[in-house]
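Read the structure below first, then the notes.
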Amino acid sequence: MSIRAILFDLDGTLIDQFQAIYKAFSQVISQMGFPKPSFETVKKSVGGASEGTMAKLIGKENAEEAVRLLRPVFEKEMLNGLFALPGAAETLQFCENNNIKTAVLTNKHGPHARAACEYLGLMPPLKFAMGANDTKWKKPEIELTTLALSKIGSSVEETIYIGDSPYDLNTARNVGMRCSLVSTGTHSSLELAEENPDSIDPDLFTLTQKRIKPYI
């Protein structure tokens, strides 16, 4: 595909921060008197903003208080076990070398998203990382994606969204944007295939080699 810009999801797409996510979420959930969830249960619940994840794990009525407790705990843990997923740095460098603009559009708390990208040396080449609480919108709301497209300076037709979940696919579909998924995050290739994205690849290395052409 010949494209002008790429918007990336973050967790499970460019980075793996699940160790810190699990430790922080499980600590808060236990602190609130609920049974400690398994790692896989927490990982499968990630995708929306933190409040949505907590709602899945301990109920909507407890989510707001849980997120209030979560933020300082996560900020202590957030860099522990954090790493860039295979192909992340190489894909971003390929895009920069070939005139393809890149940015992050995520439901992770915006300052946390930027801190993770900066820690891993992904920003630059990423132009920006837009996350939860940076605006009044969250993925998959059309207004947020439209704002990200305006900020990166590209049209729907010349941009692709890359993520790891059906939630990411909905974010792209809501504005008519193409979407490619990788199975490095919360869903397997078989699970992703049920959603009929434009493509599915095992990692960013494969996706870049097979599907991204230099922008002329």
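All of the numbers you see were taken from the coordinates with simple rules; none came from a lab. What you see is a predicted model, and the numbers here were worked out from it, not measured in a lab. Cβ placement follows ideal geometry from the backbone for every residue including glycine, while neighbour counts extend to all protein chains displayed.
Just a few scattered comments:
- Applying the Karplus relation 6.51 cos²θ - 1.76 cosθ + 1.60 with θ = phi - 60° to the range 114-130 yields 3J(HN,Hα) values of 5, 5, 5, 5, 5, 4, 8, x, 9, 10, x, x, 4, 6, 6, 10, 9 Hz, where x marks Gly and Pro.
- Per-residue Cβ neighbour counts within 10 Å put Thr41, Thr91 in the sequence Thr41, Thr91, beginning with the fewest.
- Gyration tensor over alpha-carbon atoms, the chain, equivalent ellipsoid semi-axes in Å: 29, 17, 17
- Residues whose amide H falls under 5 Å from that of Lys108, counting only those 5 or more places apart or on a different chain, are Ala132, with hydrogens built in the peptide plane.
- By the count of neighbouring beta-carbon atoms within 10 Å, fewest first, Lys210, Lys43, Lys108 end up ordered Lys210, Lys43, Lys108.
- Here's how it looks for Phe8: its modeled amide H is under 5 Å from those of Ala103, Val104, Leu105, Ile162, which are all 5 or more places away or on a different chain.
- GNM top mover of Met123, Met177, Met32 - the chain, alpha-carbon springs below 10 Å: Met32
- From most to least packed by mean Cβ count within 10 Å, the peptides 146-155, 125-134 give 125-134, 146-155.
- P(r), alpha carbons of the range 33-99 - 10 Å bins starting at zero, rounded %: 17, 38, 23, 17, 5, 0
- Rg and Dmax of the range 1-65, based on Cα coordinates, read 14.4, 51 Å.
- Prolate/oblate/rounded label for the range 136-202 (Cα gyration tensor, a/c 1.5): prolate
- Rounded to the nearest 0.05, the FRET efficiency derived from the C-beta distance between Leu79 and Asn133 at R0 = 25 Å is 0.80.
- Length-normalised contact order of the chain in % [C-alpha pairs under 8 Å, at least 6 apart]: 27
- The chain, helix-only ellipticity at 222 nm - DSSP H runs n ≥ 4, -39,500 (n - 2.57), divided by all residues, nearest 500: -13500 deg cm²/dmol
- Near Gln17, the amide H atoms lying under 5 Å from its own belong to Gly12; only residues 5 or more places off or on other chains count, and H is placed 1.01 Å from N.
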